[in-house]
Amino acid sequence: MTLDVLQLSRRGFFGMGAGAAALSALPVSLAQAGGHSGGFTAEPVSYHTVKLGQFTITTILDGAISLPGPHPIFGQDQEAAAVRKLAQDNFLPPEQQVISFTPVLVDTGNETILFDTGNGAGRRPNAGKLKSIFEHVGFDPAEIDIVVLTHFHGDHIGGMVEDGQDMFPNARYVTGAAEYDFWTGPAKDIEALKKRIPLIESNVAKFAEKMTFLKPGQDVVTGITMQDGFGHTPGHGVYHIESDGKRLMLMADTANHFVVSLQRPDWHVRFDMDKEKAAETRKRLFGMIAADRIPFTGYHMPFPAVGYVEAMGEGFRFVPASYQFAI
């Protein structure tokens, strides 16, 4: 069965039982096109659904790109040889990497909530597939009740507006107060950030009147609470999700690489705006979920982007979920 022939209602898309959850990830084919940066495609479009108590969690592959690395994007403050060795020790190519993008839908039974909106169609090769995935499964974005923006980097806000139209016309919006205040205030005067401002104005600030601004400890809805994930951006938010005593952390961009960022959480990452704060946040949050054995989803983890971490040496080891949510 492929998404080309699959037509699902809202309940069908979000209401899969635990047995279906383990099988709902469609195969991802990464076909290199020309061997250059951005030369990976993700076909067919893919999603993966798990149950968490009374909630249904669906991760959606917005796309995947290939680019040089991990160094110097990851381990920016390290010698290239050390980063290449870490990659090779983990059976990864030393000079090429794949980064994927994974928005998350949470159906609480009362609300349908989308966390982040992907790249938006046409922003970069082989990404921005969220809209087409909704079309393939017959899901109307107008049925989304709440859109939560973890932070304002383009690969998270690009899908707010598609073809000049609001993608989620009936939604209200939620984001961190510190994130909004920074990007609509001080960021406008920082030369290195000015190129980001037009997208934020067109895709985020225009919705300000429909937006709720949270501080850590405040709820999106009952069972979904914002926590401090600051460092990657000034107001980067992570979310603790709990239903019937089952817990999951939505970690967004706390770690952007499943090996380098986790096994060496102190190493600098080009994408992190406050690199020391981001490293402290990685150690604090992943230390907490490792100790409490809480599963998590991360925006740039290998699709379907759900798993666990265990403490290992100076950092953590990523353990992809298998059938834990199905039984």
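The numbers here are math on the coordinates, done by the rules we state, and not lab data. Keep in mind that this is a model prediction, so the values were computed, not measured. For neighbour counting, all protein chains shown are included, and Cβ atoms are generated from backbone atoms with ideal geometry for every residue, glycine included.
General remarks:
- Highest to lowest packing among 277-283, 193-199, 231-237, 157-163, scored as the average C-beta count within 10 Å: 231-237, 157-163, 277-283, 193-199
- Computed extension gain for residue 80 through residue 292, at 0.36 nm per residue and net of the alpha carbon distance, reaches 72.9 nm.
- Karplus-derived 3J(HN,Hα) values for region 164-174, using 6.51 cos²θ - 1.76 cosθ + 1.60 with θ = phi - 60°, are x, 10, 4, 6, 10, x, 9, 8, 9, 10, 9 Hz; glycine and proline are entered as x.
- A simple spin-label model places the labels of residue 190 and residue 310 3.8 nm from each other, with each point 7 Å out along Cα-to-Cβ.
- Expressed per residue, the C-alpha convex hull volume of the chain stands at 130 Å³.
- Amide hydrogen proximity for residue 46: with H placed 1.01 Å from N in the peptide plane, the residues at 5 or more positions away or on another chain lying under 5 Å are 61.
- Distance (nanometres) between label positions extended 7 Å along Cα→Cβ at residue 181 and residue 283: 2.7 nm
- The packing ranking of peptides 87-94, 124-131, highest mean first, is 124-131, 87-94, where packing means the average number of other beta carbon atoms within 10 angstrom of each residue.
- Evaluating 6.51 cos²θ - 1.76 cosθ + 1.60 at θ = phi - 60° for every residue in region 116-126, the Karplus couplings come out as 6, 10, x, 7, x, 4, x, 6, 8, x, 6 Hz, glycine and proline recorded as x.
- Applying 1/(1 + (r/R0)^6) with r as the Cβ-Cβ distance of residue 142 and residue 222 and R0 = 35 angstrom yields a FRET efficiency of 0.90.
- Amide H contacts for residue 212 (H built 1.01 Å from N in the peptide plane; partners 5 or more residues away or on another chain; cut-off under 5 Å): 173, 174, 175.
- Inter-centroid distance (Cα atoms) of region 178-257 relative to region 64-80, Å: 25 Å
- Net charge over other residues, Cβ less than 10 angstrom from the Cβ of residue 266 (K, R count +1; D, E count -1): 0
- Summarising the amide proton neighbourhood of residue 319: residues at separation of 5 or more, or on other chains, whose placed amide H is nearer than 5 Å comprise 308, 309, 310.
- Charged-residue dipole, Cβ positions (Lys, Arg, Asp, Glu), region 10-255 about Cα centre, Debye nearest 20: 220 debye
- Region 10-255, relative contact order in percent, only Cα pairs under 8 angstrom and at least six apart counted: 14 percent
- Net lengthening on full extension, residue 124/residue 322 (0.36 nm per residue, minus Cα-Cα): 68.2 nm
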